[in-house]
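Throughout, read-outs are computed from the coordinates displayed, never taken from laboratory work. Note that this is a predicted model, so its numbers are computed, not measured. In this analysis, Cβ positions are derived from the backbone assuming ideal geometry, glycine residues included, and neighbour counts consider all displayed protein chains.
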């Protein structure tokens, strides 16, 4: 391990310790139902593990998150590629992408509850609506940054357009697609929790909602901790390896 | 492939780049176009390749055929190996066996055997330009346009690439338009050298070099005399 990464990891650990100390201090100032201590949160977490609820709800949330993320990644990425390559399609669809980007997610959540009822459909739909405009915009930006000299080279050698897209555009935009994937992965966990709070009776968000109703704030914190952990794990185990895989040539 | 450029004019907005430009290129001839920086040399190649159209005049070819291009920068795909960069321009029209044979043949001819699986970032500037040359010749064009391909290389590397280019040209003769601002490159390569004026650009004169490329040495008094003539033409207002 290089000195640089040792120093980085050290700072990282110090930062986490500082956060834990601040949390502990605040929990001593406020009552437990306002800010529970780290100890109370861990106890709530262990109790959720012991009851089996944690793994059951986590499995449901992960399933919904991955379904919404995958839809957003593939549909948003494909639409971004098409919009980036074709100005007419771009001009036609861009106002709607902006519309989705700026419209409040909570409005979509209420509408989705009317359309789909409570359950998986609402969560997957909300993740998709909240994240796929970001995926589209990132991919369009990637297409715009493709080196025009490489495109001109391929055109001069009469490389067919399908080959041009497959072998120049897609490899060029992969770093942008992966940056988009990293952003929407983080958004996915937030969106799934929000959708489950109102739109589901199972899942981490629903667990949070039950904790709030029963004034079990340590439980709300425990579910939040789990969600944050899932966010880190997905970033480290899914996004970063993929980013490394698609930029081996750099 | 023969080429006739007749009375071509081209402007970019208010700026007249080319004015009454005339020259021709014979079958399997190397025509060097020599001109000062910024005189519109790349514009001439873009007109020939059809990337842009002239405002007046015509660019005529003796027959239908393929045009290859060697650019100033090698323009290699950074995510492809040397082998795959050459194969990239061939695989949509060549069978797999033929492609493999062709690519390997050019890799060997360009002395890149050790680097066939290397990525562009692992290559020096000279090696990258060798891959670019191999790609252009492997494409087997009837007309090859070369836009100051050795511009960013040092003198030794430039002369070694000129030798490699001549080796490729001898093994696979074709008509070449070689644009440069280096007199030494023009006199080592060209069957004829056309000297351009500054903007608006026209052909001042074309000089034939009747010494076989294989016999040319940069210190040859006959070449030095031609070099002097070319410098004089370049310096003339």
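Any chance you could check the Cα centroid distance between the stretch A:219-250 and the stretch B:133-199 for me, in angstrom?
52
If one computes the Cα centroid of the stretch A:37-94 and of the stretch A:144-168, what distance in Å separates the two points?
Taking the Cα centre of each part, the stretch A:37-94 and the stretch A:144-168 sit 34 Å apart.
If you fit an axis through the alpha-carbon atoms of helix B:125-138 and take the longest principal axis of the Cα set of chain B, what angle between them do you get, 0 to 90°, nearest 10?
Compared with the principal axis, the helix lies near 90 degrees.
To the nearest whole number, what is the average tally of beta carbon atoms from other chains within 10 Å of the beta carbons of peptide B:75-82?
Averaged over the peptide's residues, the number is 5.
Rounded to two decimals, what is Rg over Rh for the stretch B:180-229 when you use alpha-carbon atoms and the Kirkwood radius?
0.99
Within 10 Å of each Cβ in peptide A:144-157, how many partner chain Cβ atoms are there on average? Round it to a whole number, please.
5
Relative contact order for chain B using alpha-carbon pairs under 8 Å, separation at least 6, rounded to a whole percent?
Once normalised by length, the contact order is 29 percent.
At 1.567 mPa s and 4 °C, plugging the Kirkwood radius over alpha-carbon pairs of the stretch B:39-116 into Stokes-Einstein gives what diffusion coefficient in µm²/s?
In µm²/s, the coefficient is 85.
Restricting to DSSP H runs of at least four residues, report the calculated mean residue ellipticity at 222 nm for the protein assembly as shown, -39500 (n - 2.57) per run over all residues, nearest 500 deg cm²/dmol.
-19500 deg cm²/dmol
Return a whole-number percent for the relative contact order of the stretch A:42-132, with Cα pairs under 8 Å and 6 or more residues apart as the contact set.
Taking the mean separation of contacting Cα pairs over the length of the stretch A:42-132, I get 39 percent.
The stretch B:61-164: percent of C-alpha pairs farther apart than 25 Å?
The share of Cα pairs beyond 25 Å in the stretch B:61-164 comes to 16 percent.
Would you mind telling me the antiparallel percentage of the DSSP bridges in the protein assembly as shown, rounded to 5?
That works out to approximately 45 percent antiparallel.
Enter the angle in degrees (range 0 to 90, nearest 10) between the Cα long axis of helix A:120-144 and the first principal axis of the Cα atoms of chain A, meaning the one along which they spread out most.
40
In angstroms, what radius of gyration and Dmax does the stretch A:86-209 have, counting Cα atoms only?
Cα-based Rg and Dmax for the stretch A:86-209 come out at 18.7, 61 Å.
Could you work out how far helix A:87-102 tilts from the main Cα principal axis of chain A, as a 0 to 90 degree angle to the nearest 10?
Tilt relative to chain A: about 10 degrees.
Work out the P(r) tail for the stretch B:1-59: percent of alpha carbon pairs separated by more than 13 Å, whole number.
Of all Cα-Cα distances in the stretch B:1-59, 61 percent exceed 13 Å.
Largest first and in whole Å, give the semi-axes of the protein assembly as shown's equivalent ellipsoid, each being the square root of 5 times a Cα gyration tensor eigenvalue.
Taking √(5λ) for each Cα gyration eigenvalue gives 64, 24, 20 Å.
Averaged across orientations, what area in nm² does the convex hull of the alpha carbons in the stretch A:1-132 project?
Here the figure is 13.7 nm², rounded to one decimal.
How far is it, in nm, from the label point at residue A:240 to the one at residue B:95 when both lie 7 Å from their Cα along the line to the Cβ?
5.0
Counting pairwise Cα distances across chain A, what percent come out greater than 34 angstrom?
Tail of the P(r) past 34 Å holds 32 percent of the pairs.
Out of all DSSP beta bridges in the stretch B:140-220, what portion is antiparallel? Express it as a percent rounded to 5.
Here the share of antiparallel DSSP bridges comes out near 50 percent.
Report, for chain B, the % of DSSP beta bridges that are antiparallel, rounded to 5.
45
Can you tell me which of A:50, A:112, A:130 moves the most in a GNM of chain A? Springs connect C-alpha atoms under 10 Å apart.
A:50
Stokes-Einstein diffusion coefficient for the stretch A:208-250 at 20 °C in a medium of 1.002 mPa s, Rh from the Kirkwood formula over Cα pairs: what value in µm²/s?
175
If you line up the Cα atoms of chain B on their principal axes, what length do they span on each, largest first, in Å?
51, 41, 31
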